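The values are calculated or read from the model by the stated rules, or taken from the named source; none is laboratory data. In this text, all values refer to a predicted model and were calculated from it rather than measured experimentally. Backbone-built Cβ (ideal geometry, glycine too); neighbour counts: all protein chains shown. Please note that ligands, DNA and RNA were not included when accessible areas were found on the heavy atoms of the full protein model with its side chains. Shrake-Rupley method; radii C 1.70, N 1.55, O 1.52, S 1.80 Å.
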Amino acid sequence: MALNGSSTAAPLEFANVTKQYPNAETAAIDNLSFTVPAGEVCVLVGPSGCGKTTAMRLVNRMIDLTSGDILIDDATIKGRSTTDLRRDIGYVIQHVGLFPHLTVLKNISVVPKLLGWDRQRMNDRAHELLDLIGLPQEMGSRYPSQLSGGQRQRVGVARALAADPPLMLMDEPFGAIDPINRDRLQNEFLRLQREIRKTVVFVTHDIDEAIKMGDKIAILREGGQLVQYDTPANILADPANDFVAQFVGADRGLKRLALTRLDEIELGDVSAARHVNQADTVSDRATLRDALSAMMSDSMRPLLVVDAEGTPIGSVSIEQINNALRRGRTDAEPTASTT
Amino acid sequence: MSSPFIGAFGFIVDRADLVLRTLTEHLVISAEAVGIALVIGLPLGVFLGHIHRFSFLAINVSNLGRALPSLALLAIFLPIVGIGNTDVLIALTVLAFPPILTNTYVAIDQVEPEVVDAAKGIGLNPMQVLLKVELPLALPLIFAGIRTSAVFVVATATLAGFFGGGGLGDIISNQESYRLRGVIGASYVLIVLAFLVQFLFVGIERLVTPAGLRMSRSPVRNRAGRPTIDPSAMSETVEAEEDAPTTEDEPARVGHKLQTGRDTR
Amino acid sequence: MTPASVLGSVSGAGGPNIPSFGHASSCVSNNGTFCWDWFTENWSSKVDFQARLFEHVKLTVIAVVIGFTVAFALAVLAHRKRWLVPPVTFVGSLLYTIPSLAAFQILVTITGINDFTVEIALVSYTLLILFTNTLAGLSAVPPDVVDAARGTGLTDTQILLRVELPLAVPTIIAGLRVAVVTIISLATVAAFIVPEGLGKPIFDALNAGDFNTKFIASGVLCILLALFADALFVGVQRVLTPWASARRTR
């Protein structure tokens with residue numbers, strides 16, 4: 001049964017977690033601490049070998065802690081049997097690991113079956129999930145070998161969600177998918193997350209994916225050291241050190257711009273974009289980065305911002321963008337970082 | 001009377017000439033059968049594998065061959081060719097043939113297409129591709145097939161004793177004349193022979209495996225299971241029937257798999 | 001019925017011994033290759049192919065069932081405790097390499113002339129292939145499937161029963177197929193020891209310098225049995241693994 005009898009998301013806390021393998025010189029994870037608020041996506045990102053996957057697997061005890069504790073909804077993970085714990089956590093891995101001998105519906109229903117749901121309830125839930133992940137109902141009776149990589153990954157997510165767990169673990173779930181479908185799947189997942197608001201620990205090595213998917217990003221380096229833990233915007237605006245700066249990339253300025261949309265900032269006067277013609281308008285849903293890009297093709301002159309109906313609502317120039325960035329910086333919450 | 005198990009050694013010593021004669025007969029007829037099977041099967045397998053045709057046939061012939069009970073074969077040919085060497089030779093050749101054909105076919109057929117492609121791209125003509133690239137890479141598997149065949153034939157040739165073909169079976173089946181110690185003695189010799197042939201061919205396989213291949217993890221599979229014996233089945237598995245890939249990435253393998261050089265599983 | 005220990009080697013002296021019983025057909029008297037009439041006559045009486053067939057099947061089934069039980073148990077154990085694999089494989093290969101006739105003869109001196117002796121030998125031949133295949137089947141389950149299963153919250157036993165074993169079925173069946181066919185063949189040689197199975201008419205015929213049809217009939221029947229069993233297992237495997245035949249139709 002779900003933790004605390006509720007199916008809402010639960011907060012996750014790493015408390016001085018250490019993992020030391022017997023014959024290793026250094027710890028794989030050394031005194032890692034951070035908290036993921038309920039209903040948020042926390043992305044663990046870092047170079048290979050930084051321990052991000054290890055950290056994730058500590059949560060559902062696929063690997064056991066050496067010291068410290070992990071708390072889900074303030075309850076220690078050590079307090080329950082591992083199988084009970086795992087049935088309460090959604091688990092999605094890179095190659096999905098769908099059971100080849102079971103149909104899609106049966107795959108999705110694995111945990112409910114373990115939990116003893118009755119047949120009707122399982123069936124309803126499975127069909128509901130197929131809709132949720134955007135697959136046609138008739139896919140239910142197919143076998144994994146008959147699905148494409150992207151479809152399999154969606155079924156994997158559905159399987160993880162089936163018993164409505166308060167927490168989801170996802171280990172490079174879109175890593176094995178081609179870029180186009182990966183983009184699509186990421187968007188799908190974000191849409192899903194907006195609806196169901198689970199607490200998610202998402203592991204990736206791709207900083208762009210981290211920025212896109214995360215409410216919070218935990219940047220790790222070797223030894224599971226937490227280098228910076230903050231929102232994507234804050235990390236891009238204020239990398240804690242050189243390592244982070246290098247990791248997010250030299251174009252972090254541009255990346256930051258992609259995070260904000262025109263309808264979120266203070267725009268200039270419509271009159272500033274007097275020299276209007278068709279090509280100089282930009283939608284208020286566009287990002288600052290798109291706006292900058294458009295400006296660059298017109299000698300950096302201000303652009304006219306229009307809303308969904310096409311009505312001019314303001315203008316945007318370098319000045320507005322600059323102000324928005326500066327405002328963003330001073331509004332920033334203190335970053336929770338350790339170096 | 002001392003235990004026949006001990007007395008058997010005495011038999012081997014006392015009747016050394018008899019043992020040697022039957023041993024030689026045994027080896028000769030085995031070698032003949034394998035030899036004929038090689039002469040027909042090798043070129044055929046290489047050819048078919050090279051042109052990548054008739055896979056269904058080439059692979060299922062070994063399914064068939066494996067299922068044929070040796071004694072039954074010997075019995076069937078008997079009325080046609082009469083008792084004696086010919087009957088035994090034909091039956092043994094029929095049994096020796098499938099592993100050689102199938103293994104050779106699969107070995108050549110499944111040389112990595114990229115490698116063949118690269119070879120052609122460099123400018124090797126088809127014959128050179130065959131001789132310099134496909135064959136060397138296919139050798140381990142081919143020899144695995146020869147080993148299966150040889151080991152099996154050596155074991156089955158024992159039955160020749162019933163059909164007038166000579167060999168160690170002559171003694172083993174004739175307790176009347178040679179008494180228990182004789183039967184057991186010849187059995188010892190046969191068992192040692194079987195193991196020796198096995199090791200010999202394993203050694204040959206090791207030798208012909210290019211060093212590079214030996215390093216990589218080779219899928220250890222097999223087309224084992226012969227009627228009277230197949231020590232080559234040592235630690236190797238038979239693959240399931242076709243269209244059983246579990247991911248769409250695996251090409252459907254028709255029939256079952258064959259041995260490779262690795263038996264140190 | 002000649003006691004197995006007294007079977008002499010065939011000398012081929014004289015012509016075939018054609019039983020006339022006063023009403024042999026011309027086909028039989030002329031030692032035609034296959035006389036259907038004689039065969040049908042002897043199907044359920046005299047040579048009694050029917051009974052021989054039944055005995056043969058019985059010998060095979062008992063051997064394979066026992067062999068499979070033992071091999072399967074060992075394989076499931078070895079799957080978790082890998083150190084078992086080399087010794088079991090070694091013993092299995094040893095048993096497998098010993099030529100059947102030699103094995104039978106040696107065993108007879110220890111356990112006597114009876115079905116038990118035959119079954120011991122037959123069971124030992126099945127062990128290697130069944131153990132190796134079952135183990136390979138279990139090991140071939142993709143690691144991420146097992147990881148997903150564990151992460152989803154299945155216990156080890158549940159993983160074995162619900163995931164690993166079902167996925168190992170094709171390879172296990174393949175092993176059974178080979179084992180059955182192997183034993184069918186070996187059981188013919190067993191007739192040298194006990195007068196049972198389809199090998200018996202062959203040995204009898206060899207002994208008595210018998211006529212053609214007897215050989216052909218026994219041989220063909222034996223081959224048909226083996227081929228039938230082979231095809232049967234192919235069918236069983238197809239039925240048990242619907243997911244394997246499913247193809248992407250997208």
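Can you tell me which of (1) part of a helix (DSSP H, G or I); (2) under 25 Å from residue A:8 (Cβ atoms); (3) in contact with a Gly (Cβ under 8 Å, 6 or more places away or on another chain) is the one residue A:165 doesn't meet? Going through (1) part of a helix (DSSP H, G or I); (2) under 25 Å from residue A:8 (Cβ atoms); (3) in contact with a Gly (Cβ under 8 Å, 6 or more places away or on another chain) one by one, residue A:165 breaks only (1).
For the stretch B:217-235, the count of residues that are basic (Lys, Arg), open to solvent by 10 Å² or more (accessible area, probe 1.4 Å) and modelled with pLDDT of 55 or more is zero. Scanning the stretch C:97-119 for residues being assigned to a helix (DSSP H, G or I) and more than 13 Å from the chain's Cα centre (by Cα) gives a total of 15. If you go through the stretch A:104-158 and pick out every residue that is of a type in the set (S, T, N, Q), in contact with a His (Cβ under 9 Å, 6 or more places away or on another chain) and part of a loop (DSSP other than H, G, I, E, B), you end up with 0. One residue alone among C:128, C:135, C:161 is open to solvent by 40 Å² or more (accessible area, probe 1.4 Å), assigned to a helix (DSSP H, G or I) and at pLDDT 90 or above, and that residue is C:161.
In the stretch B:167-177, the qualifying residues are those that are more than 7 Å from chain C (Cβ to nearest Cβ) and either in a helix (DSSP H, G or I) or within 16 Å of residue C:104 (Cβ to Cβ) (or both), and the one that is most open to solvent (accessible area, probe 1.4 Å) is B:177.
Of all the residues in the stretch B:178-211, those that are modelled with pLDDT under 85 and within 8 Å of chain C (Cβ to nearest Cβ) number 1. Restricting A:214, A:224 to residues that are within 20 Å of residue A:56 (Cβ to Cβ) and touching a Gly at 6+ places or on another chain (Cβ under 6 Å) narrows the list to A:224. For residue C:194, the criteria (1) in a helix (DSSP H, G or I); (2) under 27 Å from residue C:105 (Cα atoms); (3) not aromatic (Phe, Trp, Tyr) hold in every case but one, which is (1). Only one entry in A:276, A:282 is surrounded by 17 or more Cβ atoms within 10 Å (Cβ to Cβ), modelled with pLDDT under 85 and over 30 Å from residue A:220 (Cβ atoms), namely A:282.
Only one of these is in a helix (DSSP H, G or I), touching a residue at least 24 places away in the same chain (Cβ under 8 Å) and within 24 Å of residue C:185 (Cα to Cα): B:89, B:139. Name it. Before the answer, list the steps.
Working: B:139 fails: within 24 Å of residue C:185 (Cα to Cα).
Result: B:89 is the single residue among B:89, B:139 that is in a helix (DSSP H, G or I), touching a residue at least 24 places away in the same chain (Cβ under 8 Å) and within 24 Å of residue C:185 (Cα to Cα).
Of all positions in the stretch A:91-110, none carries a residue that is within 14 Å of chain C (Cβ to nearest Cβ), over 28 Å from residue C:169 (Cα atoms) and of a type outside the set (Ser, Thr, Tyr). Quick one: in the stretch C:138-147, of everything that is facing chain A (nearest Cβ under 8 Å) and touching a helix residue (DSSP H, G or I) at 6+ places or on another chain (Cβ under 8 Å), which residue is surrounded by the most Cβ atoms within 10 Å (Cβ to Cβ)? Selected residue: C:145. I'm checking my understanding of the structure. Among residues of the stretch A:72-83 that are in a helix (DSSP H, G or I) and at pLDDT 90 or above, which one is least open to solvent (accessible area, probe 1.4 Å)? Here the answer is A:77. Within the stretch A:68-116, the set of residues being over 18 Å from residue A:55 (Cα atoms), among the hydroxyl-bearing types (Ser, Thr, Tyr) and over 25 Å from the mean Cα position of the chain (by Cα) comprises A:81, A:83, A:103.
When A:172, A:138, A:209 are screened for being under 13 Å from the mean Cα position of the chain (by Cα) and farther than 23 Å from residue A:287 by Cβ, only A:172 passes. Criterion applied to B:35, B:84, B:49 was being facing chain C (nearest Cβ under 10 Å) and small (Gly, Ala, Ser), and the one residue passing it is B:84. The numbered conditions (1) outside any helix (DSSP H, G or I); (2) open to solvent by less than 50 Å² (accessible area, probe 1.4 Å); (3) within 13 Å of another protein chain (Cβ to nearest Cβ) are all true for residue B:111 except (3).
For the stretch A:141-169, a residue qualifies if it is more than 11 Å from every other protein chain (Cβ to nearest Cβ), touching a residue at least 40 places away in the same chain (Cβ under 8 Å) and under 17 Å from the mean Cα position of the chain (by Cα), and the qualifying residues are A:153, A:157, A:158, A:161, A:166, A:167, A:168.
Is one or more of the residues making up the stretch A:38-45 open to solvent by less than 30 Å² (accessible area, probe 1.4 Å) and free of Cβ contacts under 8 Å to residues at least 24 places away in the same chain? So far as the stretch A:38-45 goes, no, none of its residues is open to solvent by less than 30 Å² (accessible area, probe 1.4 Å) and free of Cβ contacts under 8 Å to residues at least 24 places away in the same chain. Annotation for the stretch B:149-166: at least one member residue is crowded, with 24+ Cβ neighbours inside 10 Å and away from chain C (no Cβ under 14 Å). The set of residues in the stretch B:56-72 being crowded, with 19+ Cβ neighbours inside 10 Å and either of a type in the set (S, T, N, Q) or more than 7 Å from chain C (Cβ to nearest Cβ) (or both) consists of B:58, B:59, B:61, B:62, B:63, B:65, B:70.
Filtering the stretch A:190-208 to residues that are open to solvent by less than 10 Å² (accessible area, probe 1.4 Å) and more than 17 Å from residue A:37 (Cα to Cα) leaves A:192, A:204. Of the residues making up the stretch C:109-125, those that are open to solvent by less than 30 Å² (accessible area, probe 1.4 Å) and either modelled with pLDDT under 90 or more than 10 Å from every other protein chain (Cβ to nearest Cβ) (or both) number 8.
Applying the condition of being acidic (Asp, Glu) and surrounded by fewer than 18 Cβ atoms within 10 Å (Cβ to Cβ) to the stretch A:87-134 and asking which residue is farthest from residue A:189 (Cα to Cα) yields A:118.
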